[in-house]
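Before any comments, here is the structure.
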Amino acid sequence: MKKQLLTLGLAALFCLPMSAQDVKLMGVAQSMRTNDNTQLEESEGYLGWCQELNGGVGAAVFLVRNGIYSMTWDGSTLSTPVHEPNLKKSDVVSGGVWNLENAQAVFDWNQLYGNSGSVYVDGKLVTIFSRDESSTTDEELFNLRWWDAKTGKKLYGTTAPKSLNAENAGLSYNMQDGKVYGLFYLTEAQLPEDITSDPEYFESEADPYQESSGTDAGYCLCEVDLKTMTITPITPGLYYQNFVAFAINSEGRAFGITSGGAAGYVADDGKQYNMDNQLSGAQVYEFDLATGMYYANATHYTDESGEDAIDYTPCFQDGTPIPGTGYSSQYRTQSACFAKSNPNMLYWNGYYNSGKGYNDWGSWGSLSDKEWKTNHKFDTCLYGIDITTGECTRLASIPNRFTFSCLWVDGDDCSDGSGLDIVPDEAGISDGITSVNAKAATANEIFNISGQRVNAPQRGINIVKNGNSAVKVITK
């Protein structure tokens, strides 16, 4: 087993009183299954053809469910997520007359989706959508989009190649240094040479003859400049845990959450325990943003072969062990956040279970899809994790089984008021992507305003790339 990357804590915890009263959580809807067995990305209805959209070229308008939603936790109950803004069909078109502002918003919601991560920063959003590699070219694997978090209006969109390595398990703003960090999914071959050239890079303590193959994939803590999409690895190696969420509090403390694997035996208190009667399931890790390594305690023991070995257990900065959450959550996109005013409560949008439990025959295994209404297979929850103790509580089930690719607290987010500019200039993002990947674009690539490649300029605004530069062109 490869050596985990870690460091021991130095600082003591400073505890603040916690309050979960009247917290309005906002999120970018990722997926769900509702009681009528529909999926979030399915259309709510074709509204018609709006000729005024796309610079007069026209576009078909569908009202879809994905977008920005809000829900309120009052300390005891959680409200049903509501679309923000909550537009109805009649708000978009009525009697054949289009409300162009609402039509454009609804048209853009089709792209407001972040299956490879998204983040809120001071009133703006960035969503990262990755396409199926088998159905697209490497040069267009990622769709990157910037949004106004209040109105849902798209501000900028473009595509990026596979080499950008933009897939992540969560992004978060750190108010202590004004930067954005995330856990990005990389391979060893994609780490910087100054890391992999280190003679001690990922040398295994359990097996000194085990060497890095350059093909393993895992997570690496990175700093990201959202305006240019420059992603800078920090961790000197990769983590192999199944991270599903990441968040930084107002004190600059960073935490990652794993999925917890398959759901295990559930005790009377509703939590899972291992054979040693210790909480199991999803695990919380605290990271040092300077080194990219997580805090852990090392325990020496003798393995089955009689050799000395080391076991690492996650801990807080002061060395206090972090217990398991007691809950398992499916390995899919999830999210977490802190309120700026409460740095000790980590809100986590996870799954109710990992799709497993006791079936009708009393055997442990995958739960039936047909019984999802009663066995909770696709249910989602709001969890609260007290980072002064590590205790995790299932606060409430989320109506309609919503999951979110990012969460933030309305009016109380760590990034609010920062003034951090994350929206690219007219040609900035194209330059940023090509320079990061040192890969020149094909001459005279043409994209429409939605970021889709086209064979010829369309009427309205087009983005034309030539080499490492890009310009906006208006075609009449």
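The values are calculated or read from the model by the stated rules, or taken from the named source; none is laboratory data. Owing to the predicted nature of the structure, the values given are computational and were not obtained by experimental measurement. Cβ placement follows ideal geometry from the backbone for every residue including glycine, while neighbour counts extend to all protein chains displayed. Note: areas computed on protein heavy atoms with side chains; ligands, DNA, RNA excluded. Shrake-Rupley method; radii C 1.70, N 1.55, O 1.52, S 1.80 Å.
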remark   = Restricting segment 371-393 to residues that are of a type in the set (D, E, K, R) and within 18 Å of residue 331 (Cα to Cα), the one modelled with the lowest pLDDT turns out to be 377
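Just to verify a result, which residue in segment 346-363, among those that are hydrophobic (A, V, I, L, M, F, W, C) and touching a residue at least 12 places away in the same chain (Cβ under 8 Å), is farthest from residue 403 (Cα to Cα)? Before you say what the answer is, go through the steps one by one.
Of the residues in segment 346-363, the ones hydrophobic (A, V, I, L, M, F, W, C) are 346, 348, 361.
Okay, now just the ones that are also touching a residue at least 12 places away in the same chain (Cβ under 8 Å), so 346, 348.
Values: 346: 16, 348: 10 Å.
Of everything passing the filter in segment 346-363, 346 is farthest from residue 403 (Cα to Cα).
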inquiry  = Condition first: outside any strand (DSSP E or B) and within 29 Å of residue 115 (Cβ to Cβ). Can you find one or more residues in segment 307-316 that meet it?
reply    = no
message = The conditions are (1) under 20 Å from residue 167 (Cα atoms); (2) surrounded by 22 or more Cβ atoms within 10 Å (Cβ to Cβ), and residue 249 fails exactly one of them. Which is it?
response = (1)
message = Here is a check on your reading of the model: is residue 306 on the phi > 0 side of the Ramachandran plot and touching a strand residue (DSSP E or B) at 6+ places or on another chain (Cβ under 6 Å)?
response = no
query = Is it true that residue 282 is in contact with a strand residue (DSSP E or B) (Cβ under 6 Å, 6 or more places away or on another chain), part of a strand (DSSP E or B) and crowded, with 21+ Cβ neighbours inside 10 Å?
reply = no
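Which one is most open to solvent (accessible area, probe 1.4 Å) among residues in segment 359-395 that are among the acidic types (Asp, Glu) and either within 17 Å of residue 73 (Cβ to Cβ) or under 26 Å from the mean Cα position of the chain (by Cα) (or both)? I'd like the intermediate steps shown before the answer.
Kept after step one, since they are among the acidic types (Asp, Glu), are these residues of segment 359-395: 360, 369, 371, 379, 386, 391.
Now narrow it down to the ones that are either within 17 Å of residue 73 (Cβ to Cβ) or under 26 Å from the mean Cα position of the chain (by Cα) (or both): 369, 379, 386, 391.
On the way: 369: 81, 379: 20, 386: 23, 391: 106 Å².
Looking at residues that are among the acidic types (Asp, Glu) and either within 17 Å of residue 73 (Cβ to Cβ) or under 26 Å from the mean Cα position of the chain (by Cα) (or both), I get 391.
Quickly run through segment 313-326 and pick out the residues that are in contact (Cβ under 8 Å) with a residue 24 or more places away in the chain and within 26 Å of the chain's Cα centre (by Cα). Walk me through it before giving the result.
The first filter runs over segment 313-326 and keeps only residues in contact (Cβ under 8 Å) with a residue 24 or more places away in the chain, leaving 314-326.
Within segment 313-326, 314, 315, 316, 317, 321, 322, 323, 324, 325, 326 qualify.
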